[in-house]
Amino acid sequence: MAKMYLLNNIFLNAADLQTLQDSFLPLMRGVLYYTVPLTLISFFIGLLLAVITALFRISGVKLLSGIARVYVSIIRGTPLLVQLFIVFYGLGNLGIEFLKFDPFVGALIALSLNTGAYASEIIRASILSIDKGQWEAAESIGMSYLQSLKRVILPQATRVSIPPLSNSFIGLVKETSLASTILVAEMFRKAQEIVATTYQPLLIYMEVAAIYWVICFILSLIQDQIEARLNRYVK
Amino acid sequence: MLSMTNISKKFGDLEVLKDISINVDQGKVIVVIGPSGSGKTTLLRCLNVLEQPERGEVSIDDQTIDFSQKVTKPEIRELRKQTGMVFQNYNLFPHLTVIQNIMEGPVTVQKVDKAEAREVAIRLLEKVGLGDKADVYPYQLSGGQQQRVGIARAMAIDPKVMLFDEPTSALDPELIGEVLQVMKDLAQEGMTMVVVTHEMSFAKDVADEVVFMDGGYIVERGSPTEVFENPQQDRTKRFLNLLQH
Ligand SMILES: Nc1ncnc2c1ncn2[C@@H]1O[C@H](COP(=O)(O)OP(=O)(O)OP(=O)(O)O)[C@@H](O)[C@H]1O
Ligand SMILES: [Mg+2]
């Protein structure tokens, strides 16, 4: 009896296929309107924050490296979910119009800040991994600090940082699902809504998992391309 | 032309250069020898201010930097433009092709027009015997070839003095000759050079003066014949003996 029940639930019948078909478009709408933009925009802003933070950290100026340290420490030391709630519910509750964010903007802020902190550590480590001789060679032909950084160090650090940054990026795709908790209509929230009407949690959440996996798989293919391009100058 | 006067340099409590003075006339070649840790690299690095001495003066042509005063970055960069540095382990830019390596200084720093910089770079590459390697990456070259690119890169900024820090000591023996030959050619063309090397044949053929350093001091100096054939100081004698074995 129990065995029959399990089998019935694992194999897809016609009704299941219909449910999958009906849910696919709404889910993809969540992907295209929210999951993808949220990922791309917050990764872009996060990277900018990360480069600035990393440069602050290695600047040798106490005030700047102090700011960078505090920022990284706070973000890394607290859960992303809590950060999302603080930005959206917390700040939104202050009664200051300016701090009442739209869910999408709230998610963008929290995800960017989060990405910025983690990626800054990656970028800092990549910069420090470049041989000191490269700085000296750059200086010896008369380059300033910024010229050395831009022309010699960062291009090489980029190559080093691509694998870990790709990891962050792929992680970010999945972390956008947390935005469901602050009412962003991204894919996972859509899925929850569909489950509430179809009562098919296994089916729908498996479908969602498959879509996340396909996205991440495509991203890892793109990562391979980028790595191959940047590795052209190493043995 | 190039002079270093009463230079002292400390790393923490360790005094690495003790009141060093040298003077190189236009077109002359000075070879610096000495045991490991004697301060040879530091001396070169003070000459183009990769290291800042505590005291003393460096001057090239009519520019003088007095290190007992506050030294500004533009001053340092100005001095660096007069010197080309060749490193022991080449330090080529691995992400740039050979010709891009050579053009980098002129284009980025001196704002020379790209086409013009390219012409100069090609001429330099031919001079170091690598005319056919313009578009390869450094990793595709042998050590000797990489070092010759290193020399071309340093020459590209049109320096008045070339500094070499053990340019052949990372090379397999059969590759040393090609690099020394390029350096000899440079010397013959009248380039002013300060060379840290233990290649005796090069020193004997090319050097106008040999300086022996030990423990941060210049222990002995003179013509190659004087220093090599007839050293006055015991420390020099001992060091030369070690080199021959
Ligand atoms: N950045 C630094 N910080 C601290 N100590 C240093 C630094 N650079 C060099 N030293 C020390 O200064 C001394 C002289 O070093 P230097 O590299 O000038 O010697 P060298 O004559 O070039 O030796 P080698 O033949 O091994 O290259 C050494 O004792 C070295 O350990
Ligand atoms: Mg040395």
**OP:** Scan the stretch B:159-175 and give yes if some residue there is farther than 30 Å from B:GLU209 by Cβ, aliphatic (A, V, I, L, M) and buried (at least 17 other Cβ atoms within 10 Å of the Cβ), otherwise no.
**Re:** no
**OP:** Go through (1) out of contact with any helix residue (DSSP H, G or I) (no Cβ under 8 Å at 6 or more places or on another chain); (2) within 14 Å of chain A (Cβ to nearest Cβ) and name the single condition B:ARG153 misses.
**Re:** (1)
**OP:** Would you tally the residues in the stretch B:187-236 being in contact with a strand residue (DSSP E or B) (Cβ under 8 Å, 6 or more places away or on another chain) and within 30 Å of B:ASP158 (Cβ to Cβ)?
**Re:** 22
Original post:
Cβ-Cβ below 8 Å, separation at least six or inter-chain, first residue in the stretch B:23-42 and without any contact (Cβ under 8 Å) to a residue 60 or more places away in the chain, second away from ligand 1 (no atom under 16 Å from the Cβ): which pairs?
Top reply: B:ASN23/B:LEU2; B:ASN23/B:SER3
**OP:** Tell me which residues, restricted to the stretch A:163-175, are acidic (Asp, Glu) and surrounded by fewer than 18 Cβ atoms within 10 Å (Cβ to Cβ).
**Re:** none
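Listed here are the residues, each with its yes/no results for (1) hydrophobic (A, V, I, L, M, F, W, C); (2) within 14 Å of another protein chain (Cβ to nearest Cβ); (3) within 15 Å of ligand 2 (Cβ to nearest atom).
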| site | (1), (2), (3) |
| --- | --- |
| B:MET193 | yes, no, no |
| B:THR197 | no, no, yes |
| B:ASP208 | no, no, no |
| B:GLY215 | no, no, yes |
| B:VAL219 | yes, no, no |
| B:GLU229 | no, no, no |
| B:GLN233 | no, no, no |
Original post:
Does B:GLY37 satisfy the condition of being within 16 Å of ligand 1 (Cβ to nearest atom) and surrounded by 13 or more Cβ atoms within 10 Å (Cβ to Cβ)?
Top reply: yes
Original post:
Pairs, please: C-beta under 8 Å, at least 6 apart or cross-chain, first residue in contact (Cβ under 8 Å) with a residue 60 or more places away in the chain and away from ligand 1 (no atom under 13 Å from the Cβ) and in the stretch B:161-185, second β-branched (Val, Ile, Thr) and in a helix (DSSP H, G or I)?
Top reply: B:MET162/B:ILE151
**OP:** Specify the residue that is surrounded by the most Cβ atoms within 10 Å (Cβ to Cβ); the eligible residues are those in the stretch A:118-162 that are of a type in the set (Asp, Glu) and within 28 Å of A:GLN223 (Cβ to Cβ).
**Re:** A:GLU121
**OP:** Could you check, for the stretch B:228-238, whether at least one of its residues is touching a Phe, Trp or Tyr at 6+ places or on another chain (Cβ under 9 Å), crowded, with 18+ Cβ neighbours inside 10 Å, closer than 17 Å to B:PHE87 by Cα and not polar (S, T, N, Q)?
**Re:** no
Subject >> Selection count, the stretch B:40-62, where residues are among the hydrophobic types (A, V, I, L, M, F, W, C), away from chain A (no Cβ under 14 Å) and within 15 Å of ligand 1 (Cβ to nearest atom) >> reply: 1
**OP:** Would you be able to say whether some residue in the stretch A:192-210 is surrounded by fewer than 18 Cβ atoms within 10 Å (Cβ to Cβ), within 18 Å of the chain's Cα centre (by Cα) and not acidic (Asp, Glu)?
**Re:** yes
Subject >> Residues located in the stretch A:129-178, provided they are within 13 Å of chain B (Cβ to nearest Cβ), of a type in the set (Asp, Glu), assigned to a helix (DSSP H, G or I) and out of contact with any Phe, Trp or Tyr (no Cβ under 8 Å at 6 or more places or on another chain) >> reply: A:GLU139
Original post:
Can you name every residue in the stretch B:40-65 that is surrounded by fewer than 13 Cβ atoms within 10 Å (Cβ to Cβ) and either in contact with a strand residue (DSSP E or B) (Cβ under 7 Å, 6 or more places away or on another chain) or part of a helix (DSSP H, G or I) (or both)?
Top reply: B:GLU54
Subject >> Residue within the stretch B:156-178 that is in a helix (DSSP H, G or I), more than 16 Å from ligand 2 (Cβ to nearest atom) and within 14 Å of chain A (Cβ to nearest Cβ) present >> reply: yes
Original post:
Is at least one residue of the stretch B:43-63 farther than 19 Å from B:VAL86 by Cα, basic (Lys, Arg) and more than 16 Å from ligand 2 (Cβ to nearest atom)?
Top reply: yes
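FYI, it's all coordinate maths here, none of it is from the lab. Keep in mind that what you see is a predicted model, and the values were worked out from it rather than measured. With ideal geometry, Cβ positions are generated from the backbone for all residues, glycine too; neighbour counts draw on all protein chains shown.
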